[in-house]
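The values are calculated or read from the model by the stated rules, or taken from the named source; none is laboratory data. Remember, it's a predicted structure, so these values are computed and weren't measured experimentally. Because the Cβ atoms are built from the backbone with ideal geometry, glycine has one as well, and the counts that use them run over all protein chains shown.
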Amino acid sequence: MSATSHVSRVPIEGKEPFVLVAPDAALPVADKMRSHGSACLRVSGASMVPWIRSGDFVFIRRCDFAKISAGDVIVFQRSGLVVVHRAIRRVDGAASEKKASLLITKGDACDEEDTPVSAAEFLGRATRLHRGRRHIDLESLTQKLLGRLLARTSRLSRVLYFPLRFSKRLLFH
């Protein structure tokens, strides 16, 4: 990553909705990705816990939308937010979109899948994760295999996280 990488203060979509001051608050990050091909984001939110935590830095690079596969952590822009979620699978779009390919994404800790992501919304793929002094290469073989496993088992997250959320509500609310 170059020394000119942009660190964004834009909130990353989590499980709770964010209210932005300006509807175009994600534009600096999107412009940086489109013009320079890379950016660095500080994550806020809990939609990817425990794999990506609030406060982690995610380095993203522009790549071809067609090369994204299940398990990749992608970054896209929607409704004034920059979202970091895992690609679950690829689907064909509606006939009115001339069979445009779409990505189904989901936060690892979320129960529901996101609305399909189009190539126009897509910004890039996460390549590295920085957590304190620890650096995680998301393009390593082990991380790729783990990502694919998480994509295949994503529907089980509801079963896995429900008892944890229920316990948290009992203890802290």
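Among the residues of segment 55-87, just one is surrounded by fewer than 20 Cβ atoms within 10 Å (Cβ to Cβ) and among the acidic types (Asp, Glu), namely 64.
Is segment 143-164 home to any residue that is modelled with pLDDT of 90 or more, out of contact with any His (no Cβ under 7 Å at 6 or more places or on another chain), of a type in the set (A, V, I, L, M) and in a strand (DSSP E or B)? Checked segment 143-164: no residue is modelled with pLDDT of 90 or more, out of contact with any His (no Cβ under 7 Å at 6 or more places or on another chain), of a type in the set (A, V, I, L, M) and in a strand (DSSP E or B). Would you mind stating whether residue 90 is surrounded by fewer than 17 Cβ atoms within 10 Å (Cβ to Cβ), of a type in the set (D, E, K, R) and not in a loop (DSSP other than H, G, I, E, B)? The answer is yes for residue 90. Comparison of 120, 70, 126 shows that the only residue that is in a loop (DSSP other than H, G, I, E, B), at pLDDT 85 or above and closer than 28 Å to residue 28 by Cβ is 120. Considering the conditions (1) modelled with pLDDT of 90 or more; (2) touching a strand residue (DSSP E or B) at 6+ places or on another chain (Cβ under 7 Å); (3) closer than 20 Å to residue 118 by Cα, residue 26 is excluded by exactly one of them, (1). Looking across segment 47-67, the residues that are of a type in the set (Lys, Arg) and either over 19 Å from residue 34 (Cβ atoms) or assigned to a strand (DSSP E or B) (or both) come down to 53, 61.
Within segment 64-92, residues that are among the polar types (S, T, N, Q) reach partners that are at pLDDT below 95 with beta carbons closer than 6 Å, at six or more positions or on different chains, in the pairs 77/26; 77/30; 77/121; 77/123.
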